[in-house]
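Q: Take this structure first; my questions come after.
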Amino acid sequence: MNMNKLKKDFSIGTALTWIVIAVLLFITLFPFYWVIRTSFTPASLIYTDAVKLIPSRLTGMNYVRVLGMVSAEESLALGGSGQSVNFLVNLRNSFILAFLTTVCQVFFCSMAGYGFSRLHFPGRDKLFALILATMMVPGVVMMIPNFVFIRRLGLLNTYAGIILPALFMTPYSVFFMRQFFMGINKEIEEAAYLDGAGQYRTFFLIIMPLMQTAVITLAVTIAINTWNDYMWPLIVGRKEELRTLTVALGVFRSQTPQGQPDWSGMMAGTMLAIIPAFIIYAFLGKKIVNSIQFSGFR
């Protein structure tokens, strides 16, 4: 009798667990599905098929319109706004910014994290506490001082002006790498020193290979955040040839001579912008999960 009750309770608990998981998955994935659905919905059916899970007609012309592969007149005839995204140029800009920022931040933050975890110098702990304190400052607070600084340097409307504020390091990245370095056994470094390896050789040839998972995780995080950044590239890179994908999509949405946003074209452009991030997570997602487990984060 007790066994039957336990089985019954277990079955009910399992069923409730799966229901909760299904609800959370729906809440998470449904917006993404709606973006895909809207991107394949003809502009003329956006409002008439607004409540349908699957539109009455699908089309790939929204992607063709956004990429500028049809004339403005043809785009207007298809129900669009007549605008397009210079996808290849915007993709190049986003890639350059994400790549340079990621490489430089990983390099400098790794050295800073190693210094805070291994080296002993006056005021080390106080300096690290100050760095942690800056994590509490909202990014928007620093935007105006950074803008004034970049303007005085004469770097507005340049790649350098967009990249410079986040080029070297961020507090979170330094903290992230320090935590991983703290988890590495010091005896490994001591053995390297006994074998005649110097500090730099030990760091680059012995310690950094052990940090592969952490480096990949940090690189992916920085790359995705830089790729999705909108406000800073918008206010610093005003020229069309410097626009990133996120900025280009914002401009595309604002250029609506017909009075209503071109939602189908907007969602098509959004899907194009998502693809690189999706590919990164598809190949490196497992390493990110492993690094979180390894670091002991909860």
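The values are calculated or read from the model by the stated rules, or taken from the named source; none is laboratory data. What you see is a predicted model; the values in this text were computed from it and never measured. Note that we place each Cβ from the backbone using ideal geometry, even for glycine, and neighbour counts take in every protein chain shown. Quick note on the areas: whole protein, heavy atoms, side chains included, nothing else; ligands and nucleic acids left out. Shrake-Rupley method; radii C 1.70, N 1.55, O 1.52, S 1.80 Å.
Q: Among (i) 24.2; (ii) 14.8; (iii) 13.7, which one is mean projected area of the Cα convex hull in nm² computed from these coordinates?
A: (i)
Q: In a Gaussian network model over the chain where Cα atoms closer than 10 Å are linked, find which of 13, 250, 60 has the largest mean-square fluctuation.
A: The residue that fluctuates most here is 13.
Q: Provide the per-residue ³J(HN,Hα) series for segment 11-18, in order, calculated from phi with Karplus coefficients 6.51, -1.76, 1.60 and θ = phi - 60°, each as a whole number of Hz, with x at glycine and proline positions.
A: Karplus-based 3J(HN,Hα) across segment 11-18 equals 5, 5, x, 5, 4, 5, 4, 5 Hz.
Q: Another question, if that's okay. Using a Gaussian network model on the chain with a 10 Å cutoff between Cα atoms, which of 125, 262, 195 fluctuates the most?
A: With Cα springs under 10 Å in the chain, the top fluctuation among 125, 262, 195 is at 195.
Q: Within the accessible area of the chain, what % is carbon and sulfur when the probe is 1.4 Å and the other protein chains stay in place? Walk me through the numbers before you get to the answer.
A: Numbers: 12450 of 18000 Å².
Here it works out to 69 percent.
Q: On average, how much accessible surface per residue is there in the chain, in Å², for a 1.4 Å probe, leaving out ligands, DNA and RNA? Display every interim value, and only then the final one.
A: Working: 18000 Å² over 298 residues.
The answer is 60 Å² per residue.
Q: Would you work out the relative contact order for the chain, in percent, from Cα pairs under 8 angstrom that are 6 or more residues apart? Could you put the intermediate results ahead of the total?
A: Numbers: 296 pairs, mean separation 85.4, N = 298.
Averaging sequence separation for qualifying contacts and normalising by length gives 29 percent for the chain.
Q: With springs only between Cα atoms under 10 Å, which of 185, 93, 157 fluctuates most in a Gaussian network model of the chain?
A: 185
Q: In addition: In whole Hz, what ³J(HN,Hα) sequence does segment 231-236 give by Karplus (6.51, -1.76, 1.60; θ = phi - 60°), x for Gly and Pro?
A: 5, 5, x, 5, 7, 9
Q: I need the calculated FRET efficiency for the pair residue 18 and residue 54, taking r as the beta carbon distance and R₀ as 25 Å, to the nearest 0.05. Present the calculation step by step, with values, prior to reporting the outcome.
A: Working: r = 25 Å, r/R0 = 1.02.
Computed FRET efficiency for residue 18 and residue 54: 0.45.
Q: Something else about it: Quick check: the angle from helix 87-118's long axis to the longest principal axis of the chain, C-alpha only, nearest 10 degrees?
A: 20
Q: Still on this model: Under the rule of at least 5 residues apart or a separate chain, name every residue whose amide H is placed under 5 Å from the amide H of residue 67.
A: 85
Q: Hey, another quick one. Per residue of segment 178-186, what does 6.51 cos²θ - 1.76 cosθ + 1.60 with θ = phi - 60° give for ³J(HN,Hα)? Whole Hz please, x for Gly and Pro, Karplus curve as stated.
A: Each residue of segment 178-186 in turn: 4, 4, 6, 5, 5, x, 8, 4, 5 Hz.
Q: Same structure again: Segment 174-235: which chymotrypsin sites (Phe, Trp or Tyr not before Pro) are DSSP loop and have at most 13 other beta-carbon atoms within 10 angstrom? Don't jump to the answer; show the numbers that get you there.
A: Numbers: sites: 175, 176, 180, 181, 193, 200, 203, 204, 227, 230; in loops: 230.
Here the chymotrypsin sites (Phe, Trp or Tyr not before Pro) that fit, given the DSSP loop and packing criteria, are 230.
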